[in-house]
Structure formats: C-alpha cells, structure tokens
Amino acid sequence: MAQTLVEKILAAHRIAGEAVPGRELAIRIDQTLTQDATGTMAYLQFESMGLDRVKADLAVSYVDHNTIQVGFENADDHAYLKSVAQRYGIVFSRPGNGICHQLHLERFGRPGATLLGSDSHTPTGGGIGMLAIGAGGIDVAVAMGGGPFYLTYPKVTLVRLTGRLPPGVSAKDLILRVLAEYGTNGNVGRVLEYGGPGVATLGVPARATVTNMGAELGVTTSVFPSDEVTRAFLRAQGREGDWTAWAADEGAVYDRVLEVDLGGLEPLAACPHSPGNIATVASLAGRRVNQVLIGSCTNSSYRDLKTVALMLRGKKVHPDVEVGVAPGSRQVVEMLAREGLLTDLVLAGVRILENACGFCIGNHMSPGTDAVSLRTSNRNFEGRSGTRSAQVYLVSPETAAAAALTGVFTDARTLALAEPVAEPEAFARDDSLFLFRETAGRGVPGAAIVRGPNIGTVPSGKPLPERLDGVAAIKVGDKITTDHIMPAGARLKYRSNVPQYAKYVFEPVDAAFFANASANRDAGLHNVIVAGESYGQGSSREHAAMCPMYLGVRAVVAKSIERIHLANLINFGIVPFAFADPADYEGVAQGDRLAVEGLRAAVAGDGRAVVRNLTRGTEFAVAVALTDRQRTLLLNGGLLAAVACGAVC
C-alpha cells in the first residue's frame, strides 16, 4: 500500500501501538536536543532517573536562550549544563555558537531520523527530511535514556506546492499563507507534509522556515521530502554521507490536501497579537514602523541575512527606525564577514546582535511604548517582546529590510533583488564550540557536576486524590500561551529553581495568582485553572505545568488544550479536563469552590466526571480521553512519581 512520507518514518521507528489516527503510538527517538531555558530541568530529571549515560544515538545541549548574563543565575546554569554534558555523553554547544535549530540543521540533522527537542520549534528539522517534534523536557529526558516517545498517530495533510516564488516573496510568506488557511488552533493530532513540483524550487533554509513556523499551527510537526536539494545542502555542509532519499509513494492517500501556487503568493504579515492574524503587506502599506529585528530560529540563515545585506548595501536605514540583525549561527556570521556583508549591514546603520534567541523571547531589544516592531521571528504574543503595549508584526526578511529602508510597511517586491541569493557550494565549518563530541554517547563517568545556588531539585507530584476539593484559582480566556502562564524574558533565569520561578505563574495575567494559589494550597484546597479555547499555545516550556503543580494545581478545565501542554500537564499529574459543553465555561467564575467526587475513579475509568460548583449550586460535566499509560501517570502524580514507585519504566 502506498505510504505518505510521515507514515514511512513512523513505521521505521515504531516500537508499539497502532498506525491508526487518534491511537497512541510509541516510537524510537534517534536524536535529542535541549536548549538552556528548558534543558536545565530536563537534565535534572535525567539525573533523577539514575542512568549512567545517554542512550539515544545523539544528544545535543545548546545554550542559546539565556545568554544575557545579569546576575549569577544564567552563568551558573551554563556551567551545570556543560558539566552534565561531559558526565553523561552529550554534545555541548557553548554560548555564542548559535541558535539550536539553525545549528542542528547545519551540523547534525539527518533525513529520515527522528528528533525530539525540548523546544516547540524543533520541527525546524523537518526542512531536512527529519520527523522532528517538540516536547516537554521530561519526555526528552526519557528519550535520552533510551525510552520511547508517545504520540497520537497523526492525520496527515499534504500541502502541494506548484510554481516558483516571485522576487520579493519568500518562504515566510508561504507559511503565513498556510496559517491564514488553518489558523493557530484546531490542528492537534495532525502533521503537515509538503510535496508537489514546487518543493524542488525551495532550498533547505526556506523549507526549514516553513517547518519551524508550522509549530504555530499547533500541529505535531511538518516535514519536507529529502531530495537532491537536501543532498546538495548536506554536501555543502561536508555531510553528504548523512543523506538518504525520503519521499512519499506515488498514490499515497492524505486526510486533506491544500494546493498552493508559489507564484501566486504575495508579501504577508502576521498582525498583533497572533501568528494566525494574517494580512497582506499591501493592505498595511504606509503605516509607520519604529523597529525592525531580523533573525531568530525562523529567519537567520545565510540565505536570509545575505538577502537583507544586499538589499541594504550602499543605503542607510530610515532615521526613525531601530534595526537589529541576529545571525543564527557562527557559520552564518563567518560567511557574512568573509563576503563583506557584515560591513554592508553596519554601514547601513544596523546593530549586529548576538547569534542567539535574544529579542524573540523578550530577553533584550524590547520596543518602546506603543511602538510598531516588525520581526522575522515566529511569535508575536502580547507582551512577549517585553513591552506589553508594543504592536509586533511577523514578516519575511525581505519585507523587514524594505521597512528598515523606508520607515513604513512597504511591499518588498518594489525593492527586491534582481536575482535570489543562491545556496553556496560549501559552507564555512568550524565545530570548535561543540564540546565533548569525542565522548558523545559514552560520557566521562565520575566527572563532577557543577551546581550553583540557583540549581534546585526536581519537584515530584503526589498521587491523585480520591476527591477534588478546590477553588477556581484563575479563569482565563482563549489562546492563553505558555508565555502567559510562565513569563519568559528576565524571569527565565529562575528556570532551575521551581520555588522561585513559581512566584511568577500567570504574572502577565493576574499578578495575585501566586499569593492566592499558595493560600489555597496551604489551606488544604486544590487549585483549578479554568480556560477557554487553545489553552497552552506556544512554547514547550514544561514549567507551565511544573510550577502550577508545585502550587497545588490538580486540574485544568478548558474548552481545548494544545498538544505539548496537554502532555506536560499529564506528565506533572494535572488532569486536563475539557468541558463536555463549552457553554458551561460561562457558568464558572474565578474564586468559585469546585468539587469532583470520585476523581481517581473517573481518571481510572472513562475520564468522565461531574464538577459541582459549590459557590453557585450548579454542576457541569467534564471529560478527558486518556490512554492506559496516561491514566497511570495521573493516578501516581506524574511521570517522575510513576517511575519512582515502579508504575512505569
């Protein structure tokens, strides 16, 4: 029977489960990656498992998020990550080496392999033909130890590409077009597979832009075939031996098909405050712009930044616009420098930023009050930039460069290069900031692990109670992101210290949440989160489940919950209930006393329960669909608690 590309890779890695959409499947993971914002806790969890080394084919620890070192916390975390990597056989990417997804694509990605990363933009690897999936750190820790990764067997959508991108239009406009079609929610349990004759016209960096930002759709991942374009990219990286061909069979059947003519695309923008709020740049033309930031794991490749440099060559950025460029890796920096392109950027008035995540996560370059900021990154959630009142738009590098020159939204087709930037025959290669490659998979037994005062311990959950006796500690609306739950930016430096980081749970939404939830917990009451549609969008940050667990949250009741966050909630013993009737959301208020009789029995059974609102004298039905494995985790208080008591291995 003809198979899709997704079906082929899953079949090659299947450990257990059925190849039936909606059923749980266990797969083998070939490679793992972590970054420092999520990696410290992932490695603390790995340590707690008592293993002597990593058992995945390759594990890489990147430092790219918290490279701003104000105070001791980030530097101490980097030292911990470095020492853990040496001890357990993990490749360590030093600060300054670059952004994890760009680096992994360049130096480690392998077509047909599986990659699990503790970052929601791990699907970037799909640009090279990998099945690359973002997950919580604890799932990555299990995979590093050789354990399987569990996912819902997906439905597959084919995005069939024809034609060729016109000048001034790029891969960012393609993924914005797909977001306009499918939105940011309602896509759980689905994978996007790209095919058609138009695929051959897109280089690997373009494909990686598409798969990277596919994370904003809420799909499990996105993937392109591995073809001669992929082979040429790996050859230029000195890694042609890693290439294999992977493609769907002729006649493969898909759940949906979206036809996209690349030649018919135009410059697009994601408007505030959602990657799915799409408008044409033409409709925004002439609006003032205060800031332009180019980079992030979405658009920081050699191709993207050379395009920007050539568009700015011999010109000056508009005097009213602040412009910054953050390359994705040292390789990109070196190649731009060798070709004089960094000079072009500097002479144009651009600030050269560190090759790190930086502005994308609100760690620096926050815009001014009410400023309009055009960015080539992948998320524009309210306040993520560090400035709540800022209006952040997501655009292509070409559109960003056009605005940098004119000071207003400008159709990049009017300033486009005559010829697109070609992929080089050979990339610059210097792997000296990748440490411990010689001991990868083996480690150095007995090597000392460095633990600064901010390195905490891993909190473990308690068994699920027989009865939920709680309070609606907070009620939030639709599309609440993990940035709303656990703020990034300056707060991320507490990621290794759960008691400290927990003080900022829901800080952007309700600054009193920590005090109220702590009081409820100390009074012996359970905390319940009430939410609307698409709760837990965005980052894979498992702290958005771990810190609420620490504060006594035992259940979330929402209209819907996004994939990674739902898995994280289960991993930390929080029951992810859904309203049986979404209209019941209106009948619950923050502060209401809520009770569920027979909570354990409900989770152990069919997942159906009745919530009594003791404050209002009403009740409503909720439900959660669970596998046997997930039931075990919840009943024991989460994954680590289940492992500790021998319930799972």
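Just so you know, all these numbers are worked out from the coordinates, no wet-lab data involved. Just so you know, these numbers come straight off a predicted model, no measurement behind them. Note: ideal-geometry Cβ built from the backbone for every residue, glycine included; neighbour counts use all protein chains shown.
The trypsin sites (Lys or Arg not before Pro) of the stretch 127-212 include none that meets both criteria, a DSSP state outside H, G, I, E and B (loop) and at most 12 other C-beta atoms within 10 angstrom of the site's C-beta. Net charge near L374: determine it from the other residues with C-beta under 12 Å of the C-beta of L374, scoring Lys and Arg +1 and Asp and Glu -1. Every neighbour counted, the sum reads +2.
Given +1 at the Cβ of Lys and Arg, -1 at the Cβ of Asp and Glu and no other charges, the dipole of the stretch 400-520 around its Cα centre is 660 debye to the nearest 20.
Between the Cα long axis of helix 36-48 and the first principal axis of the chain there is an angle of about 40°, rounded to the nearest 10.
For the chain, build the charge dipole from Cβ charges (+1 Lys, Arg; -1 Asp, Glu) around the Cα centre, then report which of A12, T439, G218 sits farthest towards its positive end. The residue sitting farthest along the positive end of the dipole is T439.
Towards the positive end of the charge dipole of the chain, with charges on Cβ (+1 Lys, Arg; -1 Asp, Glu), say which of A309, G50, L415 has the farthest Cα. Highest projection toward the positive end goes to G50. Taking the C-alpha atoms only, the angle from helix 204-213 to the longest principal axis of the chain is near 30 degrees.
Using Cβ point charges alone (K and R +1, D and E -1), the dipole size of the stretch 268-414 about the Cα centre works out to roughly 80 debye.
With neighbours defined as other Cβ atoms within 10 Å of a residue's Cβ, the residues V421, V292, V392 order from fewest to most as V421, V392, V292. Of all DSSP beta bridges confined to the stretch 268-414, the antiparallel ones make up roughly 30%. Rounded, prolate or oblate: pick one for the stretch 5-264, where a ≥ b ≥ c are the square roots of the eigenvalues of its C-alpha gyration tensor, a/c under 1.5 means rounded, and failing that, prolate if a/b is larger than b/c, else oblate. Judged from the Cα gyration tensor, the stretch 5-264 comes out prolate (a/c at least 1.5, a/b above b/c). Think of the stretch 5-264 as having a plus end and a minus end, set by charges on the Cβ of Lys, Arg, Asp and Glu; of V229, Y194, L81, V229 sits farthest toward the positive end of this dipole. Residue order for D57, D139, D584, fewest other beta carbons within 10 angstrom first, comes to D57, D584, D139. Per-residue ellipticity at 222 nm computed for the chain from its helices equals -8000 deg cm²/dmol, with DSSP H segments shorter than 4 residues left out and the rest contributing -39,500 (n - 2.57). The local environment of T406, defined by Cβ-Cβ distances under 15 Å, has a net charge of +1 under the rule Lys, Arg +1 and Asp, Glu -1.
Loop-resident GluC sites (Glu not before Pro) (DSSP state other than H, G, I, E or B) in the stretch 552-649 with no more than 15 further Cβ atoms inside 10 Å of their Cβ: E597. How would the stretch 379-529 be classified by its alpha-carbon gyration tensor: rounded, prolate or oblate, with rounded meaning a/c under 1.5 and the a/b versus b/c comparison settling the rest? The shape class here is oblate.
Each peptide among 78-91, 441-454, 336-349 gets the average number of other Cβ atoms lying within 10 Å of its residues, and from highest to lowest they stand as 78-91, 336-349, 441-454.
Charges were assigned to the Cβ only: +1 to each Lys and Arg, -1 to each Asp and Glu. The resulting dipole of the chain about its Cα centre is roughly 760 debye. Among the GluC sites (Glu not before Pro) within the stretch 407-479, those in coil by DSSP and having at most 13 neighbouring Cβ atoms inside 10 Å are E425, E466. Look at C100, C271, C360 and count the other Cβ atoms within 10 Å of each Cβ; fewest to most, that gives C271, C360, C100.
Beta-bridge orientation, the chain: approximately 35 percent antiparallel, per DSSP, counting only bridges with both partners inside. Here are some values of Kirkwood radius over Cα pairs in Å: (i) 26.6; (ii) 30.7; (iii) 24.8. Which one was computed from this structure? Label of the calculated value: (iii).
Would you tally the net charge around S534, using a Cβ to Cβ cut-off of less than 9 Å, leaving S534 out, and scoring K and R as +1, D and E as -1? After counting each charged neighbour, the total is -1.
Normalising the average separation of contacting C-alpha pairs (under 8 angstrom, six or more residues apart) by the number of residues puts the relative contact order of the stretch 1-159 at 32 percent.
Based on alpha-carbon centroids, what's the gap between the stretch 427-447 and the stretch 37-102 in Å, whole number please? Using only Cα atoms to place each centre, the spacing works out to 12 Å.
The long axis of helix 73-88 is offset from the longest Cα principal axis of the chain by roughly 90 degrees. Considering only alpha-carbon pairs that sit under 8 angstrom and 6 or more positions apart, the relative contact order computed for the chain is 15 percent.
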